[in-house]
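The values are calculated or read from the model by the stated rules, or taken from the named source; none is laboratory data. Keep in mind that what you see is a predicted model, and the values were worked out from it rather than measured. Cβ coordinates were reconstructed from backbone atoms using ideal geometry, including for glycine residues, and neighbour counts include every protein chain displayed. Just the protein is used for accessible areas: all its heavy atoms, side chains included, with ligands, DNA and RNA removed. Shrake-Rupley method; radii C 1.70, N 1.55, O 1.52, S 1.80 Å.
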Amino acid sequence: MALYLLRRLGFIFLTLLLASIIIFSITQFLPGDVAQMVLGQFATEVAIENLREELGLNLPLHIQYLNWAAGFITGDWGDSLVSRMPVQPMVMQRLGNSAMLAGVAIMIYVPLGIALGVIAALKRDRYPDQAITAVSMAFVGLPEFVTGLLLIAIFAIGLGWLPANSSIDPGSNFVQAFPYLILPAITVSLTGLGYIARMTRSGTIDVLDTDYIRAAELKGLPAAQVLLRHVLRNALLPTVTVVAMGIGWLLGGLIVTETVFGYPGLGRLLVYGIQRRDLPLIQAGSMIVVAVYSLSNLAADIIYGLLNPRIRLGR
Amino acid sequence: MYNPAGSALEDGTAVLQPVLDVRNLTVTYRTDKGPLDIVRNVSLQVAPGEIYGLVGESGSGKTTLARAVVRYLAANGSLTADTLKLGDTDLLTLSRAEMRKVWGSRITMVHQDPGAAVNPSIPVGEQIAEVARVHLHLSPGEARKKALEMLGLVRMPDPESVARRYAHQLSGGMLQRVLIATAMATNPELMIMDEPTTALDVTTEAVILDLLNELMTDYNTAILYITHNLGVVARICSRIGVMYAGEIMEEGPVKKVFRSRLHPYTRGLLGSVPRVDASKKDVHLKAITGQIPRPEELPEGCIFSPRCELAEGDCLIARPPLVQADGDHYTACRRWQELLHLKEKEQHEGPVRGAYDSAKGPLVLEAREIKKHFRSSGGLSSLFSRESGPIKAVDDMSVRLRGGFTMGIVGESGCGKTTFARCLAGLEEATSGEIALEGVTLPYSVNRRKQSDLKKIQMVFQNPDASLNPQHQAGVSVARPLILLGGMNRSEVRSRVRELFRAVNLPEDYIYRLPHELSGGEKQRVAIARAFAADPILMLCDEPISALDVSVQASLINLLAELQEKNETAYLFISHDLAAVRHISDWIAVVYLGRLWEVGSADDVFVPPYHPYTEALLSAIPVPDPEVSQEQIRLRGSVPSAVNIPSGCRFHTRCPRKIGPICEEKEPPWQESGFHHKICCHIPLPRLKEMQGKGCFFNSSAEGEEC
Ligand code: SF4
Ligand code: SF4
């Protein structure tokens, strides 16, 4: 176990290393000169040259990389080129915001997706199943700005129940932020719901078709007990993986939703950084997203293993 | 229709009220082709404490019947019956909710594949306890105690720890005991067992059957035992019903049915199973021609008529009812009286060669000290697992084989016999050892072998689909090796394919059929034709008949024997079915944990002295003859893992004849006994022979009377 964890962590380290090289290289190829961008069109040659020197942009690339990587590891993620503020608190704060949104979204779409998936499986190929599949697929297909704007139109503008704009103040805590989280969380959930429901449906159908479920029924156990204890315990295993994989997406990939609602999440920060050629910001933000993806994958595998006695106890 | 139950009661032979009373039960499925009656007009009664054997091949409707009895049919199935009673309860009138109260308490079921029938993520003890809570209304604590008690009852070693384990941590035999414990926990009136031992090794099967016999002396539970294995019926059942294409063909007490066989189908079945107490020199297997008719194309008259040698005009007009032949013995054959006097000719015509001619054939295969060690895989499961060494699947096996002879390889599953064959074929790369074909050493991997050598070794697998492309016509599959290996032109290939189809007794138009249009037996014939297309000198047959019905097995065994006689091919015949191996083999090698323990001619291996492991295998096989008694030698537990092989004699952990610490400390020596007969054991052979007496099989009625 410990050995496995070490191996996996080592592997994650390698992933991050590779990702850092890729991220660093890509940022080098972004068009435009950083110093020029920072100082604007009319800066003097001398000023630009001074800034380049100051930022270490004249050093050989590999040295630049090593400096940056060493800084990243020791927690010095550099200053934003645009705001001249340290990048780290900025990224971490946005990560916190994203985590709040992700948390609310998961609380909505995971239980709902599982419930719908199970209902679809139990009514397989009949009307409820077809309805659930059609609707959830439609939402997976609809772009988030469509669902988002629709929700704003109904609940914010039409009914006036919830704020249309979710640009919360920096440093808001969960309770303060909560009303602003609901609409974006629902928007995200509508997309995520389909995946969870589909995974749960197919997992449940597979399990319903096994000998051990037939055996459990013929043991005369009450139907609810068969479903809750015998079916779901096995059927939800694949869903665990999908949920964990979704975490990476929720934390770094909600650019559209965050933009529609003006929510200050990590995704939007990254886009902002890219627009401004804010290299330290792009690098740090991307690294965090990669790290979140890798760690949630590892978490998924471990949880899967813990839930599955075959793996937990070995042969 | 004639009613067996009524008259049985009048006769006074079954005065007890039956536990299960089924009369004129018909099961109908709605399908695309319209409604189909899968089971028709079946009547049967099972008395308290009785084990009723329901025998049939696949497609006979026996499992459907079992499901119908508990009213657990698929959504498109429905049933009608005059009577369907459990004791005094009319099951036909019960609602689904009421049936749930019957399931698991008054009627319990034990399913075919114990590995699949136990929930993988709930500890097995809990799976017994939940039944006790629901049906016996016990508290959680009492239910847990009940589970332990039941595990003890089914002779589970260390119930406490077993109760806490999960399905994957237990062997098939242990799981089947868990299922039996679950089924017995509520002391049911009826237990339905559907092929409960089919997925198990013979040695484990024997232990389970003994257990059932023992349990039945203490419990009054009636058992409906569904199986295709006539040997199992002969060993444990008191009555038997033979099902064919959805109807009962013959029914009666086991001894009467096996002795007088009043239906040609029963005769066919019994004639087609190889017997471990007889070899191909004694009996010629008689296959039943044709196949079970599909339910949508049943013949007008007797449903067995298309395959019946005795069919005559009247048989084709009306379906003969089940009639009383002799007391409680019933048959659905019109001509049963003639059958009473018709003796089957069992003698095999023509000379059969035996192992003793062996010096004559050319040496085809010589495999020396083959080893195959697998490294255990890493992956996610290593997340939680402890250290593990290499899996020694094959650990030093040597075999020599001459042309025209068959060597049978027997052993429990997991003993390494399949891996050994795959190493010879080059499908697995051996770890060490030497494989020589006609004196020429072959590379381990199939990729590095010469075309001309590849052609010489062919393999037939248990599942014919492995060698047939589902998109190709059967003829194309057979032609492929001819084109690849042969350098023949088109018309030569075509005529050779036709010749091969004739050789495996398939009509020529089958050349154009796709695999899914063929039955299992036909597919296996195509696979055999394909193997012979390359004109091999060595055929590796890995369980070639195990997935097929008994009546089809016989024709394939005969086919393989014929082809061998014609082509002088050497066979390595791997099977867990000792009777089939005995039937077809000249030589037999007994394998346990990757190593050979006894080698000899088929005749020598099956009479004392034999290796204690061979002895245990032999005594475990159920012989399809209730009059034959067998010595009861049973193996404890299951085959140890090939990672931690026991020291000394590898068999010592389970050996019933173990003589002391020497078995654990020293590897036993090979001892010679007679004609190339070798046994690897510490017990001196004369002593072994003395212990084993006259062998595993003896006729209980009168010795040698009608064997
Ligand atoms: S009734 Fe006729 S066809 Fe049917 S089994 Fe008897 S002899 Fe054969
Ligand atoms: S050597 Fe000992 S343990 Fe091995 S088979 Fe012989 S008696 Fe049994």
Enter the buried accessible area of the A/B pair, total of both sides, probe 1.4 Å, in Å² rounded to the nearest 100.
3200
Quick check: Cα centre of region B:17-89 to Cα centre of region B:309-344, how many Å?
23
With all protein chains present and a 1.4 Å probe, how do A:Lys123, B:Lys523, B:Lys145 order by accessible area, largest first?
B:Lys145, A:Lys123, B:Lys523
If you roll a 1.4 Å probe over region A:2-74 with all protein chains in place, what percent of the accessible area is carbon or sulfur?
72
Sorted by accessible area with a 1.4 angstrom probe, largest first, how do B:Arg144, B:Arg422 fall?
B:Arg144, B:Arg422
Ellipsoid equivalent to region B:14-121 - semi-axes via the Cα gyration tensor, in Å:
21, 20, 16
Over all directions, the average projected area of the alpha-carbon convex hull for region A:2-74 comes to how many nm²?
5.9
Considering only protein heavy atoms and a 1.4 Å probe, what is the carbon-and-sulfur percentage of the accessible area of region B:125-202?
51
Distance between region A:1-40 and region A:193-258 - C-alpha centres, whole angstrom
35
Contact-by-burial set, region A:272-315, min loss 30 Å², accessible area of protein heavy atoms with 1.4 Å probe, reference chain alone, gives A:Pro309, A:Arg310, A:Ile311, A:Arg312, A:Leu313, A:Gly314, A:Arg315
Ellipticity estimate at 222 nm from DSSP helix runs (n ≥ 4, -39,500 (n - 2.57)) divided over chain A, nearest 500
-24500 deg cm²/dmol
I want the local charge near B:Asp604. Using Cβ-Cβ distances under 10 Å, sum +1 for each Lys or Arg and -1 for each Asp or Glu among the other residues.
-1
Would you rank A:Tyr65, A:Tyr293 by solvent-accessible area, highest first, keeping every protein chain in place and using a 1.4 Å probe?
A:Tyr293, A:Tyr65
Taking the Cβ of A:Val240 as the centre, find all other residues whose Cβ is under 14 Å away and add up their charges (Lys, Arg: +1; Asp, Glu: -1).
+1
If you wrap a convex hull around the Cα atoms of region A:88-312, how much volume per residue is inside, in Å³?
141
In peptide B:118-124, how many Cβ atoms from other protein chains are near each Cβ within 10 Å, on average?
6
Counting only the backbone N, which residues of region B:455-492 are under 14 Å from the spot 7 Å out from the Cα of B:Leu427 toward its beta-carbon?
B:457-469
Counting only protein heavy atoms and rolling a 1.4 Å probe, one gets per residue an accessible area for region A:2-74 in Å² of 69
Taking the chain alone as reference and the full protein assembly as comparison, with a 1.4 Å probe on protein heavy atoms only, the residues of region B:57-103 that lose at least 50 Å² of accessible area are B:Tyr72, B:Arg100
Once phi is turned into ³J(HN,Hα) by the Karplus curve 6.51 cos²θ - 1.76 cosθ + 1.60 with θ = phi - 60°, what whole-Hz value does each residue of region A:265-270 show in order, with x for glycine and proline?
x, 5, x, 5, 4, 5
Translational diffusion coefficient, Stokes-Einstein: compute it for region B:607-702 using the Kirkwood radius over C-alpha pairs as Rh, at 25 °C and 0.890 mPa s, and state it as an integer in µm² s⁻¹.
168
Most to least packed among A:35-45, B:131-141 [average Cβ atoms within 10 Å]
B:131-141, A:35-45
Given contacts defined as C-alpha pairs under 8 Å and at least six residues apart, what's the relative contact order of chain B, whole-number percent?
13
Membrane-span-like helices in chain B: DSSP H runs reaching 24 Å or more (Cα, own axis), mean Kyte hydropathy at least -1.0?
B:202-218, B:550-567
Could you work out, for region B:114-187, what percent of all Cα-Cα pairs fall into each 10 Å distance bin, beginning at 0 Å and stopping at the bin that holds the largest distance?
23, 60, 17, 0
Sequence-distant lysines (8 or more away, or on other chains) whose Cα lies within less than 17 Å of B:Lys456:
B:Lys566
Unit-weight point scatterers at every alpha-carbon of region B:461-568, Debye formula, q = 0.13 1/Å: log10 I(q)/I(0) is -0.42
Taking a probe of 1.4 Å and leaving out DNA, RNA and ligands, region A:88-312 shows per residue an accessible area in Å² of 42
Can you tell me what share of the DSSP beta bridges in the protein assembly as shown is antiparallel? A percent to the nearest 5 is fine.
65
Computed [θ] at 222 nm, helices only, for chain B once each DSSP H run of length n ≥ 4 contributes -39500 (n - 2.57)
-9000 deg cm²/dmol
Surrounding net charge for B:Ile370, when Lys and Arg each add one and Asp and Glu each subtract one, Cβ distance under 14 Å:
+1
If the cut-off is 12 Å between C-alpha atoms, which aspartates and glutamates fall inside it for B:Lys101, apart from same-chain ones fewer than 8 positions away?
A:Glu217
Along each of its three principal axes, how wide is the spread of alpha-carbon positions in the protein assembly as shown, in whole angstrom units, largest first?
117, 73, 67
Given a 1.4 Å probe and the protein chains all in place, what does the accessible area of A:Ile157 round to, in Å² to the nearest 10?
120
So, taking all protein chains as they sit and a 1.4 Å probe, how much accessible area belongs to B:Arg494, in Å² rounded to tens?
130
Could you sort out which of B:Lys255/B:Lys678; B:Lys371/B:Lys455; B:Lys255/B:Lys417; A:Lys219/B:Lys523 sit more than 28 Å apart by Cα distance in this structure?
B:Lys255/B:Lys678; B:Lys255/B:Lys417; A:Lys219/B:Lys523
Could you compute how much accessible surface B:Arg650 exposes when probed at 1.4 Å, giving the result in Å² to the nearest 10?
20
Where only alpha carbons of chain B are counted, the Rg and the Dmax (Å)
26.4, 78
Gap separating the Cα centres of region B:534-572 and region A:79-129, nearest whole Å:
61
